[in-house]
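A.B. asks: Following this message is one structure expressed as structure tokens.
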Amino acid sequence: MNTHEGWFIMLRFPLNRRFAGMVSVMLTALTLPLAAQASAELCSESLVREIPHRPLTAPAGSRVMQRLMDRSGPERDAAVVDQILSGNVPDFLRRLTPVSLTGRLGNGRKVQVTLCVTPDYLAVGNDRDFVRVPMGLAAAARVADSLGFILPTPKMVDAIYQQAKVRLAPRPMKPGRMMSSTPYLLQHDETLDAQRRRTGGKLTELTAGQKKDIVLTTRLLSHPGRVAIYGWHRPNGRPIQPLSTVHGAFYADYSHGVRLVSRTAFVNGKPVPLDEIMRDRQLAPIVSREGPIPDATRLMASLY
């Protein structure tokens, strides 16, 4: 049994009265520095080690997308996935940002779960020239799974928006057949870049409000072949897009984004696999409104 498994079991199961006092002290010690633990120190570079180094010859984001101007759907996804899995990802996306959610165990003790998320949506290119790339569910799940991440739940998306240092107001474009086209997504991406520049925020600062998220939800189990989307928060904090599985799994338009969440989370500062948290009856409600997700890792793998 490793260290985190040991204390994790202590949280979950009733304790012998003989050890209750000692464990109470231990748990109190864990809960005291909650705010301090929600720091970038938790979200270290080790959590992005599965993202390949960006090749020196990798094309800039605009160049990648210019090659894909007449492509959409799975064909565009395949090209984008190849770029990302080869390491053509901006450096700033490798600087994960902590997002914390709090809750209480059955015994009333406070628990903080800290997630490590990408500061913006998945993009191709470099820090000077990058393009945020929407993609279908299969492509998004494959990228996340291959790089050591999962997709967020709607509750995580809300927390990301609430804790974002840079909030961009949604900029919907005219609906129509062109919504899924590359020119449309490039036009929207330029709008987002202009918004971000006006804020004066840094690329590494947590940014939200600019996209709908592709999310992980138990609805995917009962709605196979569908993509789940949620978010695009207005300045008042309310999402434009409620949780929906109306679109087919390969659908992606300019408004969709892929936010990555590390498979390693922290419970009161201690590293724990996020899929363990998501299937635990007491901890799962902290990160998901749907209760436990029995096997998030397997669910992710089933999507592509």
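The values are calculated or read from the model by the stated rules, or taken from the named source; none is laboratory data. Quick caveat: nothing in here was measured; it's all calculated off a predicted structure. When we count neighbours, we look across all protein chains shown, and the Cβ atoms used for this are built from the backbone with ideal geometry, even at glycine.
A.B. asks: Can you list the strands (runs of 3 or more DSSP E) lying wholly within region 236-293 that have 1 or more residues being within 18 Å of K110 (Cα to Cα) and among the acidic types (D, E)? Spell out the reasoning first.
C.D. replies: Numbers: elements: 239-244, 264-267, 270-273.
Once the strands (runs of 3 or more DSSP E) in region 236-293 are filtered for at least 1 residues that are within 18 Å of K110 (Cα to Cα) and among the acidic types (D, E), nothing remains.
A.B. asks: Something else about it: With the checklist (1) at negative phi; (2) surrounded by fewer than 23 Cβ atoms within 10 Å (Cβ to Cβ); (3) in contact (Cβ under 8 Å) with a residue 12 or more places away in the chain in hand, flag the one item G237 doesn't pass.
C.D. replies: (1)
A.B. asks: Could you list, in sequence order, all residues of region 84-103 that are in contact with a helix residue (DSSP H, G or I) (Cβ under 9 Å, 6 or more places away or on another chain) and either of a type in the set (S, T, Y) or within 26 Å of K270 (Cβ to Cβ) (or both)?
C.D. replies: Across region 84-103, the qualifying residues are L93, R94, R95, L96, T97, P98, V99, S100, L101, T102, G103.
A.B. asks: Can you name the number of the only condition in (1) crowded, with 17+ Cβ neighbours inside 10 Å; (2) of a type in the set (A, V, I, L, M); (3) not in a strand (DSSP E or B) that A194 fails?
C.D. replies: Result: A194 fails condition (1) only.
A.B. asks: What pairs come up if the first residue lies in region 256-268 and is crowded, with 23+ Cβ neighbours inside 10 Å, the second is among the charged types (D, E, K, R) and not in a strand (DSSP E or B), and their beta carbons are under 9 Å apart, counting only those six or more places apart or on different chains?
C.D. replies: H256/K211; G257/D120; G257/K211; V258/K211; R259/D120; R259/K211; A265/E276
A.B. asks: For region 238-277, enumerate the residues that are in contact with an Asp or Glu (Cβ under 7 Å, 6 or more places away or on another chain) and of a type in the set (G, A, S).
C.D. replies: Listed by number, the list holds a single entry, G257.
A.B. asks: Looking at L216, L221, which one is at pLDDT below 95 and either surrounded by fewer than 17 Cβ atoms within 10 Å (Cβ to Cβ) or outside any strand (DSSP E or B) (or both)?
C.D. replies: L221
A.B. asks: If you scan region 133-143, which residues turn out to be closer than 22 Å to V246 by Cβ and surrounded by 22 or more Cβ atoms within 10 Å (Cβ to Cβ)?
C.D. replies: Selection gives V133, P134, M135, G136, L137, A139, A140, A141.
A.B. asks: While we're here: If you go through region 129-140 one residue at a time, do you hit one that is over 29 Å from T218 (Cα atoms), out of contact with any Pro (no Cβ under 8 Å at 6 or more places or on another chain) and either of a type in the set (A, V, I, L, M, F, W, C) or at pLDDT 95 or above (or both)?
C.D. replies: Looking only at region 129-140, we keep the residues that are over 29 Å from T218 (Cα atoms), and these are 129-131.
Filter once more, keeping what is out of contact with any Pro (no Cβ under 8 Å at 6 or more places or on another chain): 129, 131.
This time we only want the ones that are either of a type in the set (A, V, I, L, M, F, W, C) or at pLDDT 95 or above (or both), so: 129, 131.
Yes - at least one qualifying residue is present in region 129-140.
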